[in-house]
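S.K.: Before we start, here is the structure in question, set down as structure tokens.
The values are calculated or read from the model by the stated rules, or taken from the named source; none is laboratory data. What you see is a predicted model, and the numbers here were worked out from it, not measured in a lab. Here the Cβ is made from the backbone with ideal geometry for all residues, glycine too, and neighbour counts use every protein chain on show. The accessibility values were calculated without ligands, DNA or RNA, using every heavy atom of the protein model including side chains. Shrake-Rupley method; radii C 1.70, N 1.55, O 1.52, S 1.80 Å.
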Amino acid sequence: MSRTRRRNSDASISLTPMIDIMTVLLAVFMVTTPILTAGIDLNLPNAGHSALTGNDHAIQVSVDARGNYYLGEMKLGAADVVARASAMRGENPQLTIVISGDRQADYGAVMAIMGKLKDAGFTRVGLRTQLEK
């Protein structure tokens, strides 16, 4: 007589690891979304008839007329802007940065932050403008 053994297999899925991962992702997106979508009121320079408006999924760095730097709506120093942007790049290596410089802002302040971001390894850095009227 041959005996056949039947195994009792448990085909259930453990949801705990998935819930943990989703909670972490939710926290990351809740923290980064306001930074990515917020901005300050600037008087952008005109750039002809085809404006460079920027990417909705890009980090917005702003330079106001006094030369202050903003990441989203947070006023930061140039080194802090670069450090925070570098930390965000860990999540997305193809991160795009759009710099919005006020029309009255010092050209050197805009180019300084652009240079520091390039030196930090960002390859996708652009300038935002508005359409000419």
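S.K.: Restricting the first residue to region 74-88 and requiring it to be under 19 Å from residue 33 (Cβ atoms), which pairs with a second residue that is open to solvent by 70 Å² or more (accessible area, probe 1.4 Å) meet a Cβ separation below 8 Å and a spacing of at least six or different chains?
M.R.: Matching pairs, first to second residue: 76/84; 81/116.
S.K.: Can you name every residue in region 50-68 that is touching a Lys or Arg at 6+ places or on another chain (Cβ under 7 Å) and either open to solvent by less than 20 Å² (accessible area, probe 1.4 Å) or at pLDDT 90 or above (or both)?
M.R.: 68
S.K.: Follow-up. Within region 97-133, count every residue that is among the hydroxyl-bearing types (Ser, Thr, Tyr), surrounded by 12 or more Cβ atoms within 10 Å (Cβ to Cβ) and either without any contact (Cβ under 8 Å) to a residue 12 or more places away in the chain or assigned to a strand (DSSP E or B) (or both).
M.R.: Summing the residues that are among the hydroxyl-bearing types (Ser, Thr, Tyr), surrounded by 12 or more Cβ atoms within 10 Å (Cβ to Cβ) and either without any contact (Cβ under 8 Å) to a residue 12 or more places away in the chain or assigned to a strand (DSSP E or B) (or both) in region 97-133 gives 1.
S.K.: Name the residue, out of 84, 66, that is basic (Lys, Arg) and either part of a helix (DSSP H, G or I) or touching a Pro at 6+ places or on another chain (Cβ under 6 Å) (or both).
M.R.: None of the others qualify; the one that does is 84.
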